[in-house]
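J.: Below are the structure tokens for one structure; questions will follow.
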Amino acid sequence: MNPFDMMKNLGSLKEQAEKMQAELAQVEVTGSSGGNMVRVTMNGKFEVLGVELDPICVDNRDVPMLQDLIVAACHDAQSKVQDALKERLGPLAQGMGIPGL
């Protein structure tokens, strides 16, 4: 392949990557567990933006259960982020070989 053609393609890939990063910043989902007692909001970069706890689940006698609920809500949110990314980015993400998509 011609090196100049490769340089042209790199510019296009950079634009696509920047567009994808902007899309990721816009994705926001909320995962939940324990019948919505624990809710975790996450963005498309898999960063946790917030945790909401129903006061009923805050019992200092059962902290391990609350910890498990938070982990489960994070997993639910991660799954929803992956689904949202597949829907929004579709073929672009598949062509770039992003793991998990």
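The values are calculated or read from the model by the stated rules, or taken from the named source; none is laboratory data. Not measured: the values here are computed from a predicted model. Virtual Cβ from ideal backbone geometry, glycine too; neighbours counted across all protein chains shown. When the accessible area is computed, the model is the full protein with side chains, heavy atoms only, and any ligands, DNA or RNA have been set aside. Shrake-Rupley method; radii C 1.70, N 1.55, O 1.52, S 1.80 Å.
J.: Cβ-Cβ distance below 8 Å, separation of 6 or more or different chains: which pairs start in the stretch 53-81 with a residue that is closer than 10 Å to Gly31 by Cβ and end on one that is open to solvent by 50 Å² or more (accessible area, probe 1.4 Å) and hydroxyl-bearing (Ser, Thr, Tyr)?
T.: Ala77/Thr30; Lys80/Thr30
J.: Just a yes or no: is a residue in the stretch 83-92 aliphatic (A, V, I, L, M) and modelled with pLDDT of 90 or more? Explain how you work it out, then say what you get.
T.: Quick first cut of the stretch 83-92, residues aliphatic (A, V, I, L, M) only: 84-85, 89, 92.
Now restrict to residues that are modelled with pLDDT of 90 or more: none.
For the stretch 83-92, residues aliphatic (A, V, I, L, M) and modelled with pLDDT of 90 or more: absent.
J.: Follow-up question, since we're still on this one. Out of all the residues in the stretch 1-36, which are closer than 30 Å to Cys57 by Cα and out of contact with any helix residue (DSSP H, G or I) (no Cβ under 6 Å at 6 or more places or on another chain)?
T.: Glu28, Thr30, Gly35, Asn36
J.: Being surrounded by fewer than 17 Cβ atoms within 10 Å (Cβ to Cβ), in contact with a Gly (Cβ under 8 Å, 6 or more places away or on another chain) and among the aliphatic types (A, V, I, L, M) is the requirement here; does Ala17 meet it? Steps first, answer last, please.
T.: On the way: surrounded by fewer than 17 Cβ atoms within 10 Å (Cβ to Cβ): yes; in contact with a Gly (Cβ under 8 Å, 6 or more places away or on another chain): no; among the aliphatic types (A, V, I, L, M): yes.
No: the conditions fail for Ala17.
J.: Yes or no: the stretch 48-71 includes at least one residue that is in a loop (DSSP other than H, G, I, E, B) and modelled with pLDDT of 90 or more.
T.: Let us first name the residues in the stretch 48-71 that are in a loop (DSSP other than H, G, I, E, B), namely 54, 58-59.
Now restrict to residues that are modelled with pLDDT of 90 or more: 54.
Yes, that holds for at least one residue.
Every residue, every condition in (1) open to solvent by 90 Å² or more (accessible area, probe 1.4 Å); (2) farther than 18 Å from Val81 by Cβ; (3) hydrophobic (A, V, I, L, M, F, W, C); (4) within 13 Å of the chain's Cα centre (by Cα), yes or no:
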site: Phe4; (1), (2), (3), (4): yes, yes, yes, no
site: Gly11; (1), (2), (3), (4): no, yes, no, no
site: Glu28; (1), (2), (3), (4): yes, no, no, yes
site: Val38; (1), (2), (3), (4): no, no, yes, no
site: Met42; (1), (2), (3), (4): no, no, yes, yes
site: Leu53; (1), (2), (3), (4): no, yes, yes, no
site: Ile56; (1), (2), (3), (4): yes, yes, yes, no
